[in-house]
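The values are calculated or read from the model by the stated rules, or taken from the named source; none is laboratory data. On a predicted model such as this, the values are computed, not experimentally measured, just so you know. Neighbour counts run over all protein chains shown; Cβ positions are idealised from the backbone, glycine included. Remember, those area values only see protein heavy atoms, side chains included, never the ligands or the DNA or RNA. Shrake-Rupley method; radii C 1.70, N 1.55, O 1.52, S 1.80 Å.
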Amino acid sequence: LAGKQLQLYYQPIVELPTGLINKAEALLRWYHPELGLINPADFISIAEETRMIIDIGDWVFRTAAQKVKQWRASHCARFQISINTSPVQFRRDIALHKTWLGFLQELELPGQSIVIEITEGLLLDAGSGVTSRLRSFREAGIQISMDDFGTGYSSLGYLKKFDIDHLKIDQSFVQSLAPDSNDLALCEAIIVMAHKL
């Protein structure tokens, strides 16, 4: 972070019926001057263990927020960027959500410009602190997305208890979609359930 070796790339989210791109997901990449590209799978867990993910995540949020402001002005007034978060960022002694909401106000951005992506692991031991942070995001208009849905615990109770705006079906179910496949049936069932909820 100090050496400015981190970069954000933006994966477009395509609206299938229209082909429009009014959303993107921010993806963190580390380019080390000697080792080259380091896979996030190789450094995120270490960043979480050392709590460096707090500063990295703050940089990601601020960088993505500045980018969404730029794209709202140049591309689409309702552009939205999804930002992955770590359960570490939701710990009791960390109040990043307050500084993030303040930063959005400084940029004169509405909460609807950001989607916070969480994992099911965050909700496993979700105490009042996690619940209140998620609620403060929702009250500010920020949407909540659950990443990698369908693996791990996938408790339907989470969908009942927490206001989740989007479910991202895990790639293990969507990478081999084929007519009459079990994966297709499972994805269709998840989509119907999500819409009902």
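From the list ASP170, ASP180, which one is over 20 Å from PHE61 (Cβ atoms) and open to solvent by 60 Å² or more (accessible area, probe 1.4 Å)?
After ruling out the rest, the residue left standing is ASP180.
What pairs come out if I take residues in the stretch 8-32 that are assigned to a strand (DSSP E or B) and pair them with residues that are open to solvent by 80 Å² or more (accessible area, probe 1.4 Å) and of a type in the set (Phe, Trp, Tyr) whose C-beta lies under 7 Å away, six or more apart or interchain?
LEU27/TYR9; ARG29/TYR9
Condition test on PHE162, is it out of contact with any Ser or Thr (no Cβ under 8 Å at 6 or more places or on another chain), closer than 18 Å to SER82 by Cβ and modelled with pLDDT under 85?
No; evaluated as a whole, the condition is false for this residue.
Among the residues that make up the stretch 75-88, is at least one of them open to solvent by 40 Å² or more (accessible area, probe 1.4 Å), more than 15 Å from the chain's Cα centre (by Cα), over 21 Å from GLU139 (Cβ atoms) and modelled with pLDDT of 90 or more?
yes
For the stretch 51-68, how many residues meet the condition of being part of a helix (DSSP H, G or I), over 10 Å from LEU28 (Cβ atoms) and open to solvent by 40 Å² or more (accessible area, probe 1.4 Å)?
Summing the residues that are part of a helix (DSSP H, G or I), over 10 Å from LEU28 (Cβ atoms) and open to solvent by 40 Å² or more (accessible area, probe 1.4 Å) in the stretch 51-68 gives 4.
Can you pull out the residues in the stretch 92-121 that are among the hydrophobic types (A, V, I, L, M, F, W, C) and closer than 13 Å to HIS166 by Cβ?
If the condition is that a residue be among the hydrophobic types (A, V, I, L, M, F, W, C) and closer than 13 Å to HIS166 by Cβ, then ILE114, VAL115, ILE116, ILE118 are the ones that fit.
Checking the structure you have, find out if any residue of the stretch 140-155 is open to solvent by 60 Å² or more (accessible area, probe 1.4 Å) and part of a helix (DSSP H, G or I).
The answer is no, given that none of the residues of the stretch 140-155 is open to solvent by 60 Å² or more (accessible area, probe 1.4 Å) and part of a helix (DSSP H, G or I).
Just to be sure I understand, how many residues within the stretch 33-50 are open to solvent by less than 30 Å² (accessible area, probe 1.4 Å), in contact with a strand residue (DSSP E or B) (Cβ under 9 Å, 6 or more places away or on another chain) and in a helix (DSSP H, G or I)?
1
What pairs come up if the first residue lies in the stretch 157-176 and is part of a helix (DSSP H, G or I), the second is among the polar types (S, T, N, Q), and their beta carbons are under 7 Å apart, counting only those six or more places apart or on different chains?
These pairs meet every condition: SER172/THR151.
Here's the yes/no breakdown for (1) at pLDDT below 95; (2) within 29 Å of PRO110 (Cβ to Cβ):
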{"site": "LYS23", "(1), (2)": "no, yes"}
{"site": "ALA26", "(1), (2)": "no, yes"}
{"site": "LEU35", "(1), (2)": "yes, no"}
{"site": "ILE38", "(1), (2)": "yes, no"}
{"site": "ILE53", "(1), (2)": "yes, yes"}
{"site": "VAL60", "(1), (2)": "no, yes"}
{"site": "THR63", "(1), (2)": "no, yes"}
{"site": "GLN66", "(1), (2)": "no, yes"}
{"site": "LYS69", "(1), (2)": "no, yes"}
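Being at pLDDT below 85 and surrounded by 14 or more Cβ atoms within 10 Å (Cβ to Cβ) narrows it down to one of LEU96, LEU104, so name that one.
On the way: LEU104 fails: at pLDDT below 85.
So the residue among LEU96, LEU104 that is at pLDDT below 85 and surrounded by 14 or more Cβ atoms within 10 Å (Cβ to Cβ) is LEU96.
One line per residue, one yes/no per condition, for (1) small (Gly, Ala, Ser); (2) assigned to a helix (DSSP H, G or I); (3) farther than 18 Å from ASN22 by Cα:
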{"site": "ALA77", "(1), (2), (3)": "yes, no, no"}
{"site": "VAL88", "(1), (2), (3)": "no, yes, yes"}
{"site": "LYS98", "(1), (2), (3)": "no, yes, yes"}
{"site": "LEU104", "(1), (2), (3)": "no, yes, yes"}
{"site": "ILE118", "(1), (2), (3)": "no, no, yes"}
{"site": "LEU123", "(1), (2), (3)": "no, yes, yes"}
{"site": "SER132", "(1), (2), (3)": "yes, yes, yes"}
{"site": "ARG138", "(1), (2), (3)": "no, yes, yes"}
